[in-house]
Amino acid sequence: MDLCRVIGTVWATVKVDTLSGYRLLVVQPLSHDLKESGLPVVAVDTVSAAPGQLVYIVKSREASKALEERFNPVDAAIVGIVDEVRTSSGPLFRR
Amino acid sequence: MFIARVIGEVVSTIKHPALLGKKLLVVEKLTERGEPTGDSQLAVDSVSAGEGDRVLVLDEGSSAALVTDLDNPPIRTVIVGVIDSVDIED
């Protein structure tokens, strides 16, 4: 599971049917100190995240388990919105 | 599985049902000799690990389902042990 910031939305009317009804958000993976790490990916949103928010995603096979339909072509899914990232040296982020 | 150190915790109220009641810790991967690699990610805690603990982290889905005793959870990364010591042959 990776910390990410939502940076955009993908609109695609023509797509496989199991994806219809789901929002596709562009997310930028972050390291624990909230610096960009790696390239942005497109993730299916399951928690109604909004652009700008700090979220976390699950990737690969387990991402498809975040959706109701058993078999779906998804390899990244947003599974939570971050309220706070706490470390011993104080909060790194607070919503 | 990989060796990591717990360096923080994520508080999150809005999340996928499978994650409700689960503690989310920030873990940083370590080399086998314990040096931080800068590569960090989130893991579901299943052994009440605390900040600063050196832990064993599982990064594979079907085993994560076993550990969390959930049916097909969207979870891959689970802390499955708190490490006491690591011996590496020189």
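Here each label is just a point 7 Å from Cα along the line to Cβ, and for B:Glu60 and A:Val14 those points are 4.0 nm apart. Each 10 Å bin, from zero up to the one with the longest distance, holds this percent of the alpha carbon pairs of the protein assembly as shown: 10, 38, 35, 14, 3, 0.
Per residue of the protein assembly as shown, the DSSP helices (runs of n ≥ 4 H) give a summed -39500 (n - 2.57) that works out to -1000 deg cm²/dmol at 222 nm.
With contacts taken as Cα pairs under 8 Å at a separation of at least 6 residues, chain A carries a relative contact order of 26 percent.
Take each residue of peptide B:4-11, count the partner chain Cβ atoms within 10 Å of its Cβ, and average: the result is 6. What residue among B:Leu30, B:Leu56, B:Leu20 shows peak mean-square fluctuation when chain B is described by a Gaussian network model with Cα springs under 10 Å? In this elastic network of chain B, the residue with the biggest mean-square fluctuation among B:Leu30, B:Leu56, B:Leu20 is B:Leu20. Which percent of the Cα-Cα distances in chain B go past 20 Å? In whole percent, the share of Cα-Cα pairs in chain B beyond 20 Å is 33.
Normalised by the residues of chain B, what does the relative contact order come to in percent, with Cα pairs under 8 Å and at least six apart?
30
For the range A:2-94, the convex hull drawn through the C-alpha positions has a volume of 95 cubic angstrom per residue.
Could you state the number of Å between the C-alpha centres of the range A:2-34 and the range A:46-95? That distance is 10 Å.
Taking every residue in B:68-75 and counting other chain Cβ atoms within 10 Å of its Cβ, the average works out to 4.
We did not get these values from a lab; they are worked out from the coordinates using the rules stated. Model, not experiment: these values are computed from the prediction. Note: ideal-geometry Cβ built from the backbone for every residue, glycine included; neighbour counts use all protein chains shown.
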